[in-house]
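Take a look at the structure set out below.
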Amino acid sequence: MNVKIYTLVPHHSLEHASLHCFLLPFLLLLLQAWQGSCHPQCLDYKPPFEPRQPLAFCKEYSKFGCCDLEKDGEISVRFYTIMANFDHSGFSTCGKYIRNILCQECSPYAAHLYDAEDANTPMRMLPGLCGDYCYEYWHHCRYTLSLLLEDAGSPLQFANLTALLEDDRTKFCNFLELKDKQYCYPNVLTNAELNANLGSVREDPQGCLELCLQEVANGLRNPVAMIHADDGTHRFFVAEQLGYVWVYLANGSRIDRPFLNLTRAVLTSPWAGDERGFLCIALHPRFTTVKKAYVYYSVSVKREEKIRISEFTLSTHDENQLDHSSERTILEVVEPASNHNGGQLLFGHDGYLYIFIGDGGRAGDPFGKFGNSQNKSTLLGKALRIDVDNNDDGAPYSIPPDNPFLGEKEARPEIYAYGVRNMWRCSIDRGDPTTGQGRGRMFCGDVGQNKYEEVDLIVKGGNYGWRAKEGFSCYDRKLCQNSSLDDILPIFAYPHKLGKSVTGGYIYRGCQMPNLNGLYIFGDFMSGRLLSLKENTTSGEWQYNEICMGRDQTCRFPKLINTYYKYIISFSEDESGELYFLATGVPSATAKAGVIYKIVDPSRRAPPGRCSIKPSPIKIKGKLIHFHPKEEFVINKKPTTTPVPTTTRKSTTTKKPQRKPIIIIKPPMPTRKSIRKMQLPPPPPTTIAATTKTTITTTTRKTTLLTTRKTTRKTLPPTTKTTLKSTTVPTTVQMAMATTPATTTPTGRPTGSPIYQTYSTDYPNSMLTINPDTRSSNYSTTQQQPNVRTNSTPTRLVHTLPRGLSTSIRPGGLCFCTLFLLYILTA
């Protein structure tokens with residue numbers, strides 16, 4: 001091999017041997033690969049993807065990897081720039097090694113090869129190689145290392161380093177080798193287990209689909225609905241059961257003024273599980289021009305409970321607020337009981353408004369001979385369809401001409417489908433983004449009675465069987481055996497051992513998670529399970545899979561979490577089709593325990609640039625409340641084996657010593673000559689009993705802090721846990737330790753059960769994560785007192801205080817200083 005241009009630094013430039021002896025082990029430690037299981041991840045800390053166009057240089061990653069055509073071109077340019085230093089023989093010999101090393105940026109396991117799975121740790125300069133491959137590379141092309149590193153830092157620095165490495169195979173491969181033999185290059189390409197389902201949704205051994213979440217809103221009171229305006233602004237509107245509707249912008253901020261406030265009219269209570277309240281909101285499909293919104297809520301009129309459907313118009317002065325004086329009642333239905341209120345409003349692709357009302361409550365639909373749901377002369381237990389267009393000068397709504405029971409005697413013309421019990425959350429399928437297949441289908445979750453929960457596909461004129469049937473089984477055997485029932489069976493039903501209150505969901509049709517396309521995702525309010533159905537287009541059957549939270553390594557991406565609150569209230573999609581669900585830790589209309597989660601597939605993402613959006617501008621009146629997530633990101637969680645930070649190096653016992661009383665010793669009367677030699681009595685080594693603290697600042701702050709930390713380890717008793725009480729002022733070391741987040745243990749999940757957190761009687765603390773910066777600032781603002789600066793004497797006294805206590809004066813010392821100063825002034 002002949003090299004045209006290859007210059008090493010002369011040997012005399014290596015005279016600073018001590019510097020290089022330090023630099024080499026540091027870099028070897030820095031580039032040491034982290035061993036253990038990993039997951040597909042790119043160097044931008046995001047999942048891999050399929051490029052929109054095939055790659056021209058790193059062709060092996062055209063189907064799935066971390067490079068688009070632009071990045072592939074950049075690697076190609078760098079390769080040919082390096083190879084310009086070689087003649088034909090050198091190009092033939094070393095070209096394949098350099099190409100393979102450079103193309104690992106496109107590998108779906110690039111983050112692991114570069115030790116970049118954790119954004120908080122330094123990244124390798126070159127990908128990790130397998131030992132055999134490294135020896136082969138060293139044998140043929142060892143002197144090309146400096147060319148690969150020339151852009152990594154100071155050319156002189158790395159030229160000196162490579163000169164030390166290139167002549168020693170052991171040091172050379174210690175620098176490049178990745179000890180994990182499964183994930184090092186090129187073994188990672190041939191590992192059958194790693195490449196078997198690469199890019200597909202990950203499943204655990206029980207077949208549970210592993211997904212992750214992103215927290216997008218919190219502090220809500222039973223969030224029951226989330227909708228969008230489909231107007232290009234990408235804002236979304238969140239309704240609370242109490243009667244508020246809030247506007248959230250595309251950046252996650254919330255406007256402080258509510259979009260709607262019906263808290264005075266809404267009938268609800270703080271009781272956990274109360275089904276009454278503000279239940280749904282829907283915007284007109286042409287909201288940019290029609291500017292109307294429709295709401296569904298419980299109301300009490302003359303001690304009679306009703307369901308009210310009302311219409312509001314947008315304020316002429318504020319695009320983010322409805323005109324509260326414009327309410328117009330569209331429909332009212334009397335509720336015989338306080339439960340089974342239904343609560344779904346949505347517009348179909350036909351432009352009509354669909355309303356889903358429960359069967360009237362109690363158990364078993366006991367009203368009349370056949371119950372309300374089978375009685376087409378009442379609106380209870382039905383899916384309604386009405387036309388609310390062109391209603392400004394006439395009746396609040398009209399009947400669509402093709403409604404199925406329009407001409408049937410004694411049947412209400414508003415009825416679109418019947419035989420439903422208490423449908424909770426329905427959705428319209430957007431259809432496949434490419435083929436449009438499935439567009440317009442309507443899915444609903446219908447809450448069961450004693451045995452089964454079901455998911456139904458709503459069709460015009462359909463009878464869904466209640467109270468004759470519950471799921472696939474008979475509930476009322478006499479009605480069930482009636483040959484005229486002609487009911488439509490659910491597409492899926494599950495027993496109460498899996499959950500006792502279904503929450504209908506959506507078929508995913510978004511852009512960012514291509515693996516989830518066509519997957520119907522729903523949940524259960526009581527058990528907290530996330531569930532999914534996938535249609536077999538050939539047989540028409542629906543395949544069930546439970547959804548579980550990915551383990552820490554699976555969800556180890558920025559902003560992702562893998563826990564959620566148990567009570568799943570509703571599902572939603574944003575303007576781009578991305579999927580969310582709304583949950584709470586306390587199912588009460590007054591508890592601020594509600595959170596909105598975005599569902600994320602960590603296995604594959606869309607190619608960069610495909611799903612980019614540019615929200616349309618909108619005028620804001622009022623203040624913006626910025627979003628701050630409360631759940632700890634998986635990427636920030638500490639390993640479960642890491643001990644809780646302590647103030648001592650050795651931790652042998654948690655036994656707390658008894659506090660010794662503070663004894664004030666009266667000092668001898670000093671003279672002027674002995675002032676500088678005086679020493680304050682040493683304070684006891686226990687925690688400070690006083691609630692105030694006087695801090696002395698000096699120009700030698702760094703030295704003082706170091707001394708304090710060093711001596712505190714000696715004086716404080718050994719412990720395994722640092723506890724700060726409200727009556728105890730933290731020491732300097734304790735305040736420093738307060739900035740270190742405490743270790744958290746990820747929630748374990750038994751086989752077949754979901755991951756969630758239990759709730760308490762108030763806002764649940766089990767899901768809260770204290771930001772280390774916030775926690776540190778809280779301590780400093782609430783407990784640290786202003787510095788006392790009377791004269792220059794305290795600065796000199798710092799050097800005479802006992803070591804480790806130079807930053808504070810205890811009560812006894814403060815008393816002595818006061819007496820001492822009085823003596824000086826009166827002398």
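The values are calculated or read from the model by the stated rules, or taken from the named source; none is laboratory data. These numbers come from a predicted model, not from an experiment. Cβ placement follows ideal geometry from the backbone for every residue including glycine, while neighbour counts extend to all protein chains displayed.
Side notes on the structure shown:
- Scope the range 527-548; condition assigned to a loop (DSSP other than H, G, I, E, B) and buried (at least 19 other Cβ atoms within 10 Å of the Cβ); matching residues: S527, G528, R529
- Selected residue [crowded, with 24+ Cβ neighbours inside 10 Å, under 27 Å from D230 (Cα atoms) and modelled with pLDDT of 95 or more] from S576, S570: S570
- Residue tally, condition part of a loop (DSSP other than H, G, I, E, B), touching a Gly at 6+ places or on another chain (Cβ under 6 Å) and of a type in the set (A, V, I, L, M), over the range 214-250: 0
- Here the range 382-434 is the region considered, the condition is being among the small types (G, A, S) and under 13 Å from G461 (Cβ atoms), and the residue that is modelled with the lowest pLDDT is G407.
- Test: residue in the range 65-77 that is outside any loop (DSSP other than H, G, I, E, B) and among the hydroxyl-bearing types (S, T, Y): yes
- Exactly one residue out of W246, W271 is aromatic (F, W, Y) and more than 26 Å from the chain's Cα centre (by Cα), and it is W271.
- Test: residue in the range 319-331 that is assigned by TED's automatic domain parsing to the domain that holds D429, within 20 Å of T268 (Cα to Cα) and assigned to a strand (DSSP E or B): yes
- Looking across K302, K292, one residue alone is free of Cβ contacts under 8 Å to residues at least 12 places away in the same chain and out of contact with any Pro (no Cβ under 9 Å at 6 or more places or on another chain). It is K302.
Listed here are the residues, each with its yes/no results for (1) in a loop (DSSP other than H, G, I, E, B); (2) free of Cβ contacts under 8 Å to residues at least 12 places away in the same chain; (3) charged (D, E, K, R).
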site	(1), (2), (3)
N375	yes, yes, no
E408	yes, no, yes
V420	yes, no, no
N450	yes, no, no
E453	no, no, yes
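- Inside the range 455-468, residues that are without any contact (Cβ under 8 Å) to a residue 40 or more places away in the chain and surrounded by fewer than 24 Cβ atoms within 10 Å (Cβ to Cβ) make up a count of 1.
- For the range 596-641, residues that are surrounded by fewer than 16 Cβ atoms within 10 Å (Cβ to Cβ), of a type in the set (S, T, Y) and in contact (Cβ under 8 Å) with a residue 40 or more places away in the chain total 2.
- Scan of the range 251-277 for residues that are part of a loop (DSSP other than H, G, I, E, B) and among the basic types (K, R), ordered by number: R257, R264, R276
- Single residue of the range 190-244 satisfying the filter (out of contact with any helix residue (DSSP H, G or I) (no Cβ under 6 Å at 6 or more places or on another chain), aliphatic (A, V, I, L, M) and over 21 Å from F525 (Cβ atoms)) that is surrounded by the most Cβ atoms within 10 Å (Cβ to Cβ): L194
- Here is the figure for the range 461-505: residues that are within 26 Å of the chain's Cα centre (by Cα) and closer than 18 Å to A383 by Cα total 4.
- Of the residues G371, G436, the single one that is assigned to a loop (DSSP other than H, G, I, E, B), surrounded by fewer than 23 Cβ atoms within 10 Å (Cβ to Cβ) and either of a type outside the set (A, V, I, L, M, F, W, C) or not assigned by TED's automatic domain parsing to the domain that holds N482 (or both) is G436.
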